[in-house]
Amino acid sequence: MNLNLENLQESYAKWATKKIKFTNLEDSIKIITPFVDLYNDAITLYLSQNGNKFTIDDDGYTLSELDILGINFNKKGRRKQFLENTLNNFGISLNEDILSIHTEDKLDIPNIQMRLTQAIITINDMLMTSHSNVSSIFIEDVTSYFLDKEIPISENRMILGRAGRLNSFEIEIGRTRKHKGSLFKVVNNPTSSQITSPLFSIMDTKDNEPNSEFFVIANDSNDISPKFTTAFNRYGIDVLPWSDRKKWIEKFVS
């Protein structure tokens, strides 16, 4: 393969220059980059000047769109820590949900523009395409909700099942004299392909936990597969849609 570094750099520069678009606004310049967000729309930034300081920001779009999807960063935890680490890595400031970066060197504008763009891509990619990370965030949201309701819970209870393997339950509520205990599997992606593991954990554990009831909390932001619900209902296990939490949480409030 005959690669010429200078030609490659020149080709990239031409591509970036051709694809990027600038529009003059009243008090800023709109920058439409060649990179896309989680909706496959072009990432758009805004360049402004205040004295000797140049600022590029996203006008609050990135975090606003994630908030619409139910992903916010108001509470302490893995999600907030991830955001803070990402912003620190790229040198980005956060003020009232607006991501911005600053410089006093005009020649540095392309650099800070790329850093902000990369930060936005990183935030979107890690939160929207990393299944394990999004699952962890959903579990954290569920756990926080129980705690906010002053419901005493244990996390990540490991129970030995009939098959001789340990089964993990993300949340447990202990039993009282009036109520049985409750064990929860938390499923972020309740599709037909995600039935086997949580269902096996429950069925493998049921006989060893006669004083507990079993539930599945399912993230229904993208709907719950009817096959998913039917599979658990067949064994007397309720699937609790996350969007209905205000209704079903009352069952677990002492």
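What FRET efficiency would be calculated for the residue pair Glu96, Met158, taking the C-beta separation as r and a Förster radius of 41 Å, to the nearest 0.05? Working shown, then result.
Values: r = 42 Å, r/R0 = 1.03.
Efficiency for this residue pair is about 0.45.
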Report the calculated FRET efficiency for Asp207 and Gln81 (r = Cβ-Cβ distance, R0 = 35 Å), to the nearest 0.05. 0.35
How big is region 133-252 on each of its three principal axes, counting only the C-alpha atoms and giving the largest first in Å? 35, 33, 27
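Report the FRET efficiency, 1/(1 + (r/R0)^6), for Lys246 and Leu107, where r is their Cβ-Cβ distance and R0 is 41 Å, rounded to 0.05.
So, using R0 = 41 Å, E works out to roughly 0.15.
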From the cross-link list Lys80/Lys185; Lys30/Lys106; Lys180/Lys251; Lys180/Lys206, the entries with a Cα-Cα span beyond 19 Å are Lys80/Lys185
Once amide hydrogens are built 1.01 Å from N within the peptide plane, the residues lying 5 or more places from Ile20 or on another chain with amide H under 5 Å from its amide H are none
Cα centroid separation, region 65-120 to region 166-214 (Å): 38
Each residue of region 213-226 in order: what ³J(HN,Hα) in whole Hz does its phi give by Karplus 6.51 cos²θ - 1.76 cosθ + 1.60, θ = phi - 60°, with x for Gly and Pro? 9, 10, 9, 10, 9, 10, 6, 9, 4, 10, 6, 10, 4, x
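Read the figures in this text as sums done on the coordinates, not as results from a lab. Since the structure is predicted, the reported quantities are computational estimates derived from the model, not experimental observations. When we count neighbours, we look across all protein chains shown, and the Cβ atoms used for this are built from the backbone with ideal geometry, even at glycine.
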